[in-house]
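Peer 1: Let me give you the structure first, and then I'll get to my questions.
The values are calculated or read from the model by the stated rules, or taken from the named source; none is laboratory data. A quick note: this is a predicted structure, and the numbers were derived from the prediction, not measured. Glycine also receives a Cβ, built like all others from the backbone with ideal geometry; neighbour counts cover every protein chain displayed.
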Amino acid sequence: MMDASRITLLSHARPDGDAYGSSLGLGLVLKQLGKDVQIYNEDGLLEMYQFLPASELIQPTPAASPTGLIVSLDTSTQERLGKKFLSWKRSVDINLDHHGSNTLYAEENIILPELPATAAAVIQLIQANHWPLPAAAASNLFVGLSTDTGSFRYRGTTAETFRQAAYLVESGADSAELSKNCYQSMSPARFALLRLAFQSIETELEGKLSHYTLTPEMFQISGAKPEDTEGIVETSLNVSSTQIGALFEIKADQALKVSLRSKGSINVSTIAQKFGGGGHPGAAGINFPDKATQNKQAVLEQLRKALLA
Ligand SMILES: [Mn+2]
């Protein structure tokens, strides 16, 4: 990565705090090293992440393929980089990720499933190379580390994670301010969607399984955006009995987006992979192009089976 002068950083569509945080964190460090850096995402910059320092560097993926080195971050499959990227007909040079389900689609694949965030992999890279870490980069990496660990709560958060967090704070990341922007800055529309989502909750198997179903009407009524579903499924795990939480998002064209979370011993990534999805043992997702109702039932069947096993 040190040799290339022009570097393009990509992350997955429907980006989250780790996709943006790891790309911006690495991008700002490379820029300071004198590199010509482009940071692209299929969805551009979502409004809720405008607070990230230097967030304006995130541009929607252009139609034309750039020259130079292409690096993907936090992205388990090539398809998740989005349609624009696929139209470039170019392969990724370096694939830096922490999803165990990563399909190793690049020339060089650096997959670290033991790390709780791609931001953690970027921090290792920065430290190993003794690259200077500007405060703006540290702040972005803090957001990646904090959001993917559920504020340092999930399994996978280790002593090293806290050491990395300390390093970021020492480098200028304001943890309280960033956390407020991540967790206490919900838009009224998102809050309205949350209210409707809670009304849709169904629990099964003595509360071990808890699932939400979102419909296009709920987005209409609340005025929420597609990205406003982030964090909803996690709230089901706040109930003591819940072992698996699921969020089913039914689209107008009957496509179905499924988010799965587990706080027990059940690996939801294995279940997602049965349907062509993937993720981590505690957090995984599936995208079905059609047959929303049927596919929802099929996933629920697998979740019940896992809980009864
Ligand atoms: Mn991640």
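Peer 1: Being charged (D, E, K, R) and free of Cβ contacts under 8 Å to residues at least 60 places away in the same chain, is that true of even one residue in region 292-299?
Peer 2: The answer is no; no qualifying residue exists.
Peer 1: From the list N140, N181, which one is polar (S, T, N, Q), within 15 Å of the ligand (Cβ to nearest atom) and either modelled with pLDDT under 95 or under 26 Å from E56 (Cβ atoms) (or both)?
Peer 2: Working: N181 fails: within 15 Å of the ligand (Cβ to nearest atom).
Testing whether each residue is polar (S, T, N, Q), within 15 Å of the ligand (Cβ to nearest atom) and either modelled with pLDDT under 95 or under 26 Å from E56 (Cβ atoms) (or both) leaves just N140.
Peer 1: Is there a residue in region 158-168 that is surrounded by 15 or more Cβ atoms within 10 Å (Cβ to Cβ) and modelled with pLDDT under 95?
Peer 2: No: zero hits.
Peer 1: Determine which member of the set E204, E217 is under 22 Å from L300 (Cβ atoms), of a type in the set (D, E) and touching a residue at least 40 places away in the same chain (Cβ under 8 Å). Break it down into steps so the answer makes sense when it comes.
Peer 2: On the way: E217 fails: touching a residue at least 40 places away in the same chain (Cβ under 8 Å).
Answer to the selection: E204.
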